[in-house]
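Participant: What follows is a structure written as structure tokens; I'll ask about it next.
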Amino acid sequence: MLAAVATSATASAWDGSVSGDVKVYGFGLLDGSVAGRRDAELGLFRLKGELRRSDELLFDVQGVLAVSSPRLVGTTRIAMGTTPRLLDLQHVFVDEPDVEVAAELDRLSVTWQPSGFRLVVGRQAITWGVSYFWPALDLFAPFPPERIDREYKPGVDAVRLTVALGSLSEVDVVAAGQGTSIPEDGSIGALLRVHAGAADVGVMGGWFHRDIVAGAFLTANVRGTGVYGEVAYTDSGDPQDRQLDRAHFWRASVGFDRQLTPTVAVSVEGAWNGFGTSNVDRYEQVAASDRVRHGEVTSLGQWYVGASASWQVHPLLVLTAAVLANLNDGSVMLLPQAAWSLGDNVVLELGGVVGLGPGPAADGQLRSEYGGVDAVYAAIRLYF
């Protein structure tokens with residue numbers, strides 16, 4: 001009897017926790033000469049709170065305070081980002097040419113997960129698809145390919161129901177508001193994931209931002225090499241897309257990754273962006289489209305290839321490098337990085353963003369996607 005009472009009390013008990021992290025970036029952007037150098041700083045302060053009742057009910061809230069230099073948004077974009085949302089949970093305290101201070105709730109959700117299914121209501125991170133640089137199925141605030149800080153994906157306001165169909169198989173249904181207008185920015189879709197031996201297969205479909213989208217993905221392990229790919233077809237409901245001759249378009253990506261040694265890993269990925277263009281003169285028109293501005297499409301060209309490598313030189317030191325190439329205009333972006341662990345909760349990072357290719361013309365017209373950006377940065381991350 002005493003054991004039964006104790007078990008009942010434990011099951012109904014609430015357990016809470018508070019944690020967070022601080023990230024401070026310093027950027028040095030070089031405009032062709034030392035005299036043209038400009039510096040920028042970015043500070044991200046995240047406070048996380050959780051309240052849990054056993055494993056069935058969870059309340060999650062995360063607030064972020066960001067101090068940034070908005071005039072260098074092109075550079076700070078590699079470390080931070082946001083997405084349009086249904087609810088306005090942000091407040092800007094300072095909005096000056098050289099500094100912006102803003103706070104927002106990046107997570108605010110309640111999760112109910114009894115046996116067999118999980119229901120999450122509120123602002124949450126959602127990821128569909130399997131590709132790293134150029135996902136085709138991820139229509140919920142995907143990371144740009146050049147993003148170096150992928151620890152937290154921007155949250156979206158959504159209702160998400162995940163139903164287990166067996167071991168590692170499930171169906172995921174999401175209704176989200178990715179803008180202030182539900183008719184124009186609302187989304188509802190479903191993703192079916194089936195696990196079969198060494199492979200995972202998925203199909204998805206739904207209505208996203210006035211579009212009808214359908215797609216599929218595949219991941220498999222082939223003799224120690226991870227192979228993946230995904231494809232999506234979009235029937236656009238945005239009248240603006242017809243001006244770009246993009247009433248219908250395909251997007252796809254394929255890649256592989258492999259652990260070469262216990263300390264060295266590599267990955268390679270190629271992608272086709274049917275919404276993009278092979279004509280550099282049309283980059284500005286593509287960049288101004290709603291689809292790019294709300295973050296669903298993160299690239300301007302059509303054909304891409306990327307590669308990354310990671311080397312754990314020492315248990316406290318990891319070197320990584322990524323190369324992104326736009327095969328239409330020939331521009332390349334190099335992203336080297338070194339991460340040194342100074343302790344259990346402190347990491348120092350040094351890196352660079354090197355664009356190879358023609359920079360913007362004197363009137364600001366783009367002449368390549370990746371050219372014209374050269375920056376170095378240092379960052380420190382502290383966790384508590």
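The values are calculated or read from the model by the stated rules, or taken from the named source; none is laboratory data. All values reported here derive from a predicted model rather than from experimental measurement. With ideal geometry, Cβ positions are generated from the backbone for all residues, glycine too; neighbour counts draw on all protein chains shown. The accessibility values were calculated without ligands, DNA or RNA, using every heavy atom of the protein model including side chains. Shrake-Rupley method; radii C 1.70, N 1.55, O 1.52, S 1.80 Å.
Participant: When only alpha-carbon atoms are used, what values of Rg and Dmax, in angstrom, describe segment 335-384?
Facilitator: 15.9, 49
Participant: I've got another one for you. Within segment 88-107, find all residues whose amide N lies under 18 Å from a label point positioned 7 Å from the Cα of VAL18 along Cα-to-beta-carbon.
Facilitator: Only 104-107 fall inside the zone, counting backbone N under 18 Å.
Participant: I need to check one value: relative contact order of the chain, counting alpha carbon pairs closer than 8 Å and at least 6 residues apart, in percent.
Facilitator: Value for the chain: 12 percent.
Participant: Would you mind giving the three semi-axes, in whole Å and largest first, of the ellipsoid equivalent to the chain according to its Cα gyration tensor?
Facilitator: Over the Cα atoms of the chain, the semi-axes work out to 34, 27, 23 Å.
Participant: Can you run the Rg to Rh ratio on segment 193-296? Use alpha carbon positions and the Kirkwood inverse-distance Rh.
Facilitator: So for segment 193-296, dividing Rg by the Kirkwood Rh gives 1.08.
Participant: Next question, about the same structure. With +1 on the Cβ of every Lys and Arg and -1 on the Cβ of every Asp and Glu, and nothing else charged, how large is the dipole of the chain about its Cα centre, in debye rounded to the nearest 20?
Facilitator: The calculated dipole for the chain is roughly 680 debye.
Participant: Further question: Roughly what would the spin-label model give for HIS294 and SER278, points 7 Å off Cα along C-beta, in nm?
Facilitator: 3.0 nm
Participant: Okay, next question. With the full set of protein chains in place, find how many percent of the accessible area of the chain is carbon and sulfur; take the probe as 1.4 Å.
Facilitator: Roughly 63 percent of what the probe reaches on the chain is carbon or sulfur.
Participant: Which value, to two decimals, describes the C-alpha radius of gyration of segment 224-368 once divided by 2.2 N^0.38 Å?
Facilitator: So segment 224-368 has a normalised radius of gyration of 1.27.
Participant: Under the definition of Cα pairs under 8 Å and six or more residues apart, what whole-number percent is the relative contact order of segment 290-384?
Facilitator: The normalised contact order for segment 290-384 reaches 21 percent.
Participant: Can you give the extra length, in nm with one decimal, that the chain gains between SER341 and LEU168 once fully stretched, where that is 0.36 nm per residue apart less the Cα-Cα distance?
Facilitator: Extra length from SER341 to LEU168 when fully extended: 58.9 nm.
Participant: Still on this structure, I have one more. Using the alpha-carbon atoms, what tilt in degrees (0 to 90, nearest 10) does helix 2-12 show relative to the longest principal axis of the chain?
Facilitator: 30 degrees
Participant: Using bins 5 angstrom wide from zero, how does P(r) for segment 299-348 break down, in % of all Cα pairs?
Facilitator: With a bin width of 5 Å, the distribution comes to 5, 18, 22, 15, 12, 10, 9, 7, 2.
Participant: Where only protein heavy atoms count, and the probe is 1.4 Å, what is the accessible area per residue for segment 242-384 in Å²?
Facilitator: Computed with neighbouring chains in place, this is 49 Å² per residue.
Participant: Note down, for segment 287-384, the three equivalent ellipsoid semi-axes (square root of 5 times each alpha carbon gyration tensor eigenvalue), biggest first, whole angstrom.
Facilitator: Semi-axes, largest first: 31, 15, 14 Å.
Participant: Rounded to the nearest 500, what is the chain's calculated 222 nm mean residue ellipticity when only DSSP H runs of at least 4 contribute -39500 (n - 2.57) each, over all residues?
Facilitator: -2000 deg cm²/dmol, from helical runs alone.
Participant: Which whole-Hz couplings ³J(HN,Hα) result when phi for each residue of segment 346-359 is put into the Karplus expression 6.51 cos²θ - 1.76 cosθ + 1.60, θ = phi - 60°, listed in order with x for Gly and Pro?
Facilitator: 9, 10, 9, 10, 10, x, x, 10, 10, x, 10, x, x, x
Participant: Could you work out how much longer the chain between TRP303 and VAL121 gets when fully extended? Use 0.36 nm per residue separation minus the Cα distance between them, nm to one decimal.
Facilitator: Extra length from TRP303 to VAL121 when fully extended: 61.8 nm.
Participant: If you don't mind, another one. For a Förster distance of 41 Å, can you work out the FRET efficiency between the beta-carbons of LEU319 and ARG223, rounded to the nearest 0.05?
Facilitator: 0.95
Participant: If you don't mind, another one. So what is the accessible area of segment 111-233 per residue, in Å², with the probe set to 1.4 Å?
Facilitator: Value for segment 111-233: 40 Å² per residue.
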